[in-house]
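Structure first, commentary second.
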Amino acid sequence: MAKAASPFDGQATDSPANDPFAKAKGRLARAQAAFDQVITEDFKGRLLLIQPTEYHDKVVTKFTKPGEDGTPAVTADAAVLDGDEGLVEFPGTMIFAKFVVAQLRPQIGKEPVLGVLVTKPSQKGHDAWFIDSDVVTDEQFAAGIAYLDAKEAEANKGRLAKAGA
């Protein structure tokens, strides 16, 4: 069954050149796709390293109901360090899970968050997503440090001059 195009689902109904919202729609569609890949059952119980970079107060998505203002979100660089497929990275992803956003927001501009993706019952009785740092083992902590060291080495690779260059 085909879904109808919405002005916020990243599908322009007119030429992008004539659509003043084309750039925002494309960014939002990419953000929703990335979000759908990070905080999911696929990664429940997995070790995540998340570096939050920006907070958004009200993001309107395809899930926003008419009359609602939008949902708080955090943009972050995320990595699943122990997935079945090995390392999986999600640069510039948006995270909308309410309690995860609350955990990540204070860490913007600070150290990355290392923890296991879990669900816990909320006050309303349904399961809510959390990043649980209390269950991280010494081995998992070492994996997080090794990942950060590798990223730093990769970033600095081009900073050294080669002799004779």
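The values are calculated or read from the model by the stated rules, or taken from the named source; none is laboratory data. Just so it is clear, the model here is predicted, and its values are computed rather than measured. Cβ placement follows ideal geometry from the backbone for every residue including glycine, while neighbour counts extend to all protein chains displayed.
Overview of values
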quantity: Output for the stretch 135-157, where each listed residue is closer than 17 Å to Ala78 by Cβ and among the aromatic types (Phe, Trp, Tyr); calculated: Tyr147
quantity: Residue satisfying condition, being on the phi < 0 side of the Ramachandran plot, modelled with pLDDT of 90 or more and either touching a strand residue (DSSP E or B) at 6+ places or on another chain (Cβ under 8 Å) or crowded, with 18+ Cβ neighbours inside 10 Å (or both), within set Thr119, Thr61; calculated: Thr119
quantity: Residues (more than 19 Å from Val136 (Cα to Cα) and either exposed (fewer than 15 other Cβ atoms within 10 Å of the Cβ) or free of Cβ contacts under 8 Å to residues at least 40 places away in the same chain (or both)) located in the stretch 90-100; calculated: Pro91, Gly92, Lys98
quantity: Cross-chain or 6+ apart pairs with Cβ under 8 Å, the stretch 123-139 first and closer than 12 Å to Thr40 by Cα and at pLDDT below 95, then loosely packed, with under 11 Cβ neighbours inside 10 Å and not small (Gly, Ala, Ser); calculated: Ala128/Lys120; Ala128/Pro121; Phe130/Lys120
quantity: Residue among Leu114, Leu81 that is touching a Gly at 6+ places or on another chain (Cβ under 9 Å), farther than 17 Å from Glu41 by Cα and either of a type outside the set (Ser, Thr, Tyr) or without any contact (Cβ under 8 Å) to a residue 40 or more places away in the chain (or both); calculated: Leu114
